[in-house]
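The values are calculated or read from the model by the stated rules, or taken from the named source; none is laboratory data. Treat the numbers as computed from the prediction; the structure is a model and nothing was measured. Cβ placement follows ideal geometry from the backbone for every residue including glycine, while neighbour counts extend to all protein chains displayed.
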Amino acid sequence: MTIRPILRYPHPGLKTVCTPVTAFDDDLKTLAGDLLETMWAAPGVGITAAHIGVFKRLFVLELSKADGVRNYVNAEIISSSPTLVRQTEGSVSMPGATEDVERPASIRLRYQTLSGEMKEEDADGFLAICIQHEIDQLDGIFWLQRLSKLKRDRLVRKWEKAGR
């Protein structure tokens, strides 16, 4: 496993819509392993292949050691709750910058495993927030786009002023 360079905001690749994974092979498993190492080094709790400039629909989460590593391939949200929650979010592509984002409190998603097996699951709380955040990135939506223009502009100015 290799730690890969992370694209930094405002890299145009962070706006790229990722293509579906079609080959469930050793290269995909290697990519997932590299994502995990890169996420740990960042550090973060989630990372997409897009964050390292590989525009495939793959992301990795590890919310806690107890929960373990979760790999999601070709994930899509198939339903979400009308109830919204606010959660502080950030990105490995914009280290040190955080802001509250509002998202559905629970979701149902469909995805594939690294071996191609199709699965569906429900997620709520922090897990649901993280999944939505990473799927947004796979869809070319950087988390800042979920903020009001005022909050987004203020956060970007602060981040740029810090010399990042």
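Do we have Leu114 as hydrophobic (A, V, I, L, M, F, W, C) and in contact with a Cys (Cβ under 9 Å, 6 or more places away or on another chain) here?
So Leu114 fails the test.
With the structure loaded, tell me whether Ala97 is exposed (fewer than 15 other Cβ atoms within 10 Å of the Cβ), of a type in the set (A, V, I, L, M, F, W, C) and either at positive phi or in a loop (DSSP other than H, G, I, E, B) (or both) or whether it fails that test. Steps first, answer last, please.
Numbers: exposed (fewer than 15 other Cβ atoms within 10 Å of the Cβ): no; of a type in the set (A, V, I, L, M, F, W, C): yes; either at positive phi or in a loop (DSSP other than H, G, I, E, B) (or both): yes.
No: the conditions fail for Ala97.
Quick one: what pairs do we get from region 88-104, first residue within 16 Å of Asp136 (Cβ to Cβ) and basic (Lys, Arg), second modelled with pLDDT of 95 or more and outside any strand (DSSP E or B), C-beta under 8 Å, 6+ apart or different chains?
Once the first residue is within 16 Å of Asp136 (Cβ to Cβ) and basic (Lys, Arg) and sits in region 88-104, its partners that are modelled with pLDDT of 95 or more and outside any strand (DSSP E or B) give Arg103/Ala128; Arg103/Ile129; Arg103/Gln132; Arg103/His133; Arg103/Arg146.
Taking the stated definitions as given, is Ile77 more than 24 Å from Thr2 (Cα to Cα) and either assigned to a strand (DSSP E or B) or modelled with pLDDT under 95 (or both)?
It is true that Ile77 is more than 24 Å from Thr2 (Cα to Cα) and either assigned to a strand (DSSP E or B) or modelled with pLDDT under 95 (or both).
Which residue out of Leu114, Leu127, Leu109 is part of a strand (DSSP E or B) and either in contact (Cβ under 8 Å) with a residue 24 or more places away in the chain or hydroxyl-bearing (Ser, Thr, Tyr) (or both)? Let's see the steps before the verdict.
Values: Leu114 fails: part of a strand (DSSP E or B); Leu127 fails: part of a strand (DSSP E or B).
The conditions single out Leu109.
I'm checking my understanding of the structure. Among residues of region 80-94 that are β-branched (Val, Ile, Thr) and assigned to a strand (DSSP E or B), which one is farthest from the chain's Cα centre (by Cα)? Don't jump to the end; show me each part of the working.
From region 80-94, those β-branched (Val, Ile, Thr) are 83, 85, 88, 92; that's our starting set.
Subsequent filtering for residues that are assigned to a strand (DSSP E or B) retains 85, 88.
Working: Val85: 18, Thr88: 14 Å.
The residue in question is Val85.
Which one of Leu61, Leu14, Leu36 is surrounded by fewer than 20 Cβ atoms within 10 Å (Cβ to Cβ) and within 14 Å of the chain's Cα centre (by Cα)?
Only one candidate qualifies: Leu36.
Scan region 45-60 for residues that are over 11 Å from Gly140 (Cα atoms) and among the aliphatic types (A, V, I, L, M) and jot them down.
Passing the criteria: Val45, Ile47, Ala49, Ile52, Val54, Leu58, Val60.
Conditions first: (1) at negative phi; (2) touching a residue at least 12 places away in the same chain (Cβ under 8 Å). Gly53 passes all but one, so which condition is the exception?
Among (1) at negative phi; (2) touching a residue at least 12 places away in the same chain (Cβ under 8 Å), Gly53 violates only (1).
In this structure, is Leu31 of a type outside the set (Phe, Trp, Tyr), part of a helix (DSSP H, G or I) and within 23 Å of Arg103 (Cβ to Cβ)?
It is false that Leu31 is of a type outside the set (Phe, Trp, Tyr), part of a helix (DSSP H, G or I) and within 23 Å of Arg103 (Cβ to Cβ).
Criterion first (within 19 Å of His11 (Cα to Cα), at pLDDT below 95 and touching a helix residue (DSSP H, G or I) at 6+ places or on another chain (Cβ under 7 Å)) does Ala162 satisfy it?
In short, no.
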